[in-house]
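J.: Just passing along the structure, written as structure tokens.
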Amino acid sequence: MQKDSIGHDLLMAFYAAVHSRQIGEAQQRLTDLEAYAAQRPWLQPWCLYLHGIMANERDHDWGQGEHIFRQVLAATDPVTDPLLTARAFLALGVTCYFLGKWDESIEACRGSLPVFTALDRPLDVATALKQVSISCFEGYLRNDLPVTYLDAASTSGHQALDTLSAMARDVHVLRLEASLWNTLGGVYRAQARWDEAIRAFQHNLTLCRELDDRHCAGLAAADLAVAYQRVGQQHWPDAHAAYQEALKALRDVDSPFHEAAALANLASLFQVQGDHDQALGTYRQAVARIETLRAGQSSEDARTSFFATTVSAFAQAVLLCLRAGRDADAFDLTERARSRAFLDLLEIGASDLRRAEEAHSLTIAQVQSRLPADALLLCYFTTGSTQGARGRAGQFDQQLLAPAKILLFAVTRAAVTTYDLDLSPNDLLPQRLQAATERHFLQPAIRRTLYDRLIRPVAHLIAGKRRVYLVPHGPLHYVPFQALIAPDGETLLRPGGPELVYGPSASVLFRQPAPLPPRLETAEAVSTSCLALGFNGDETHRLRFAEDETRAVAALLGGEALAGPASKRDALFRQGPDARFLHISCHGEFDPEAPLESRLHLGAGEMLTAHDVLEGLRLTCDLVTLSACESGLSRVRRGDELMGLVRAFMVAGAPSVIATMWRVDERSTRILMERFYREVVAGAGFAHALREAQLFLRTLGQDEAVSLLGGDVPAGSRDASQPDRPFADPFYWAPFILVGAG
């Protein structure tokens, strides 16, 4: 910047406001500077630069920030304004870090170094070197950069410390030095250089004490405790003392999340020491602290850390309960874990829905009292799953991970039996979410193996039961249990076999008694009780039978059909709350990166997302049927709750939802849906009606299928052993599941 005291003062006022998080004040100072710069062209690039700062600090729009800083660099002459060039390089480096563009972050920060050095700005040099160190380290942890970048992180960190060593030790220098030692401690921990990690964390803790920064001191003590613990038994007393210091500091500053993490780590120390009672008690303290929190962290890294702490604490507590023979307590903890997981991810504005979801999870005694005598509840729970892990970060989190296990709680009204199924959840993780079930779990050999591992241990309990409730967990959400093959060659869904009902948790299934729906004697008895929406789609997502299916369902139930490209959203929100049956037949899309943006194509250019359902739809219906591709496929986050369209409709008030697990064939879907509703009209409960419809579809002959489809020839069967039954393969009948009350 050219010599201009007024411009300089406005710039400094902007920086001061940003650093004190007075964003409104910063915006005012930027407005003042822009007005002042109107007649001073040399100031205008600085104004653009400050807009980039605001994009990052106020809007958290890192993409816009990157765009602005690159504009500044393109428009700035490094000879006439070297300081702006250097600052733009550094700001670009920080922005690329938040975007996960590690190499670009490192390159930009290094681009600032010669300029800052020439300008004799050692604090800025050290800051840029620190950012290089952090980007190298985080890029490695995220599995994006090779291990050699850890050495680069260490080198840059020590160069920054050397730069600071020649400076007066004011508060800015001390804070930067503390941050550098913290990063170096993480680097050494990643390299298993434990003695050096301990020294780095000790330096960090000493500096935090000197700064009288209780929060950072608590975090530093917690990091030091983990390093002591990992070194070995001789340092366990040091680890215990460091944990105690961390807990006291974090409680003093009211940092409940980090307190919960420290408690969970302390519990892991008791566990390796063989003190299982103390470990379980401390894990319970961690769980209790977690249950007072929400996951509203400001960054994805913070949320990931929060989720890892939550999963680990619950999983370790469950395993310790089982070790102690306290199966009922273990079951109760799994239900609390499922409830906790959904609340963490329920990002909606409607406080009434959130309050409803915060209802206490049920205990095993409450579940058993509500479980029908002729039913069996199978609750699966996974521990140590790497689902959702980001790169190598999990190896070096503060948490010591639970072993990878799949547990099964088999619950009847009289007893709870727990099984360790000797199977790792990580062996079941699909490589890709798209068509994961169709392409992997439907192979006959896999279906036989999964029956042996997941069902056979409790086959004697299933025998004679009218209904089996299935509560999957983690990657088991992708398993089509109904298609698993028993030793006799028949599937779990079989003639004379149990009805199958899925649930996100036992608490959701039995929060209130779930009797079968009232019998429907005739179609006239339910006149105007059904709202059916259908759209065949556009050229990109073209279906053939969705609209015909919608009209047929409405006719069967005496309801209203809204079919075709016309808008249906307003009608859904207006009439849906009063409909007893809500049937939606259209193309659906699952968004694995943003599950609440999973969507249904209701009409031409009209979408309904899971987020829309959560925010605006309130239902009193008996059943929602999502007869759409991928309507049930949901992102399994941290090994727990469904977060797609199914869960959204349940939160909105639907006690039962029928959905699909993968991209369905629309011919078989039309036949199955019409058969299902005929069973319902005849008086069957939803679970029974769905089972009968699936059995009907898989045994349907070619000629009858052609007749039901109005002369259309079904696609060739995938089951070469039954060529005269076009829909015998489970690809056609197995994707349909009933979630909720039956």
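Each reported figure results from applying straightforward, stated rules to the coordinates on display, with no laboratory input. From a predicted model like this one, the values you see are computed outputs, not experimental measurements. Cβ sites come from the backbone with ideal geometry, for glycine too, and all protein chains shown count toward neighbours.
J.: Between Gln44 and Glu704, what length in nm is gained on full extension when 0.36 nm per residue of separation is reduced by their alpha carbon distance?
T.: Full extension from Gln44 to Glu704 adds 230.0 nm.
J.: Does anything in region 41-60 have its amide N under 18 Å from the 7 Å Cα→Cβ label point of Asp9, and if so which residues?
T.: 43
J.: Would you calculate the separation in nanometres between label points at Asp538 and His276, each defined as 7 Å from the Cα along the Cα-to-beta-carbon direction?
T.: 6.0
J.: OK, next. Give me the one-decimal nm value for the distance between modelled label points at Ala373 and Asp61, 7 Å along each residue's Cα-to-Cβ direction.
T.: My value for the distance between the label points is 6.5 nm.
J.: Could you give each residue of region 263-278 its phi-based ³J(HN,Hα) in whole Hz, using Karplus coefficients 6.51, -1.76, 1.60 with θ = phi - 60°, and x for Gly or Pro?
T.: Karplus values, whole Hz, x for Gly and Pro: 4, 5, 5, 4, 4, 5, 5, 4, 5, 5, 7, x, 8, 6, 5, 5.
J.: Return the loop-located trypsin sites (Lys or Arg not before Pro) in region 110-202 (DSSP other than H, G, I, E, B) with at most 13 other Cβ atoms within 10 Å of their own Cβ; answer none if there are none.
T.: Arg169
J.: Given points 7 Å out from each Cα along the Cα-Cβ axis, report the Asp162 to Glu107 separation in nanometres with one decimal.
T.: 2.6
J.: Treat the count of other C-beta atoms within 10 Å as a stand-in for reagent exposure and order Thr206, Thr363, Thr163, Thr292 from fewest to most.
T.: Sorted ascending by nearby Cβ count, the order is Thr292, Thr206, Thr363, Thr163.
J.: When the Cα centres of region 1-76 and region 643-674 are compared, how far apart do they sit, in Å?
T.: Comparing the Cα centres of region 1-76 and region 643-674, I get a distance of 51 Å.
J.: Another question, if that's okay. Taking H placed 1.01 Å from N in the peptide plane, check which residues at least 5 places from Gly537 or on another chain put their amide H under 5 Å from its amide H.
T.: Placed amide hydrogens put Leu543 under 5 Å from Gly537.
J.: Now for a separate question. Going by C-beta contacts inside 10 Å, put Ser424, Ser668, Ser567 in order with the fewest on the left.
T.: Starting with the residue having the fewest Cβ neighbours, the order is Ser567, Ser424, Ser668.
J.: Classify region 56-130 from the C-alpha gyration tensor, please: rounded if a/c falls under 1.5, else prolate or oblate depending on whether a/b exceeds b/c.
T.: Because a/c hits 1.5 or more and a/b fails to exceed b/c, region 56-130 counts as oblate.
J.: If R₀ is 51 angstrom, what is the calculated FRET efficiency for the pair Thr148 and Ala365, using the beta carbon separation as r and rounding to 0.05?
T.: 0.35
J.: Each residue of region 611-627 in order: what ³J(HN,Hα) in whole Hz does its phi give by Karplus 6.51 cos²θ - 1.76 cosθ + 1.60, θ = phi - 60°, with x for Gly and Pro?
T.: My calculation for region 611-627 gives 5, 4, 4, 5, 7, x, 9, 10, 10, 10, 6, 8, 8, 10, 10, 9, 8 Hz in order.
J.: Right, here's the next one. Given 0.36 nm per residue, what is the gain on full extension from Gln71 to Glu291 after removing their alpha carbon distance, in nm?
T.: Full extension from Gln71 to Glu291 adds 74.6 nm.
J.: Related question: Using the beta-carbon distance between Thr31 and Leu83 and R0 = 22 Å, what value does 1/(1 + (r/R0)^6) give for FRET efficiency, to the nearest 0.05?
T.: It comes to 0.50.
J.: Output wanted: per-residue J couplings in Hz (rounded whole) for region 162-175, from phi through Karplus 6.51 cos²θ - 1.76 cosθ + 1.60, θ = phi - 60°, x for Gly and Pro.
T.: Karplus values, whole Hz, x for Gly and Pro: 4, 5, 5, 5, 8, 9, 5, 8, 8, 5, 5, 5, 4, 5.
J.: Treating cross-link reach as a plain straight distance, find the lysines whose alpha-carbon is under 18 Å from the alpha-carbon of Lys130, omitting any fewer than eight places away in the same chain.
T.: Result set, ordered by chain and number: Lys101.
J.: Arrange the following residues from fewest to most other Cβ atoms within 10 Å of their Cβ: Leu708, Leu266.
T.: Ranked by crowding around the Cβ, least crowded first: Leu708, Leu266.
J.: Turning to a different aspect of this structure: Take the eigenvalues of the Cα gyration tensor for region 1-160, scale each by 5, and report the square roots as semi-axes in whole Å, largest first.
T.: Working through the eigenvalues yields semi-axes of 29, 17, 13 Å.
J.: Starting from the amide H of Leu423, placed 1.01 Å from N in the peptide plane, find each other amide H under 5 Å away whose residue is 5 or more places distant or on another chain.
T.: Counting only residues 5 or more places away or on other chains, the set is Ile406.
J.: Now a separate question. Could you point to the residue in Pro122, Ala152, Ser112 farthest towards the positive end of region 100-169's charge dipole, with +1 and -1 charges on the Cβ of Lys/Arg and Asp/Glu respectively?
T.: Pro122
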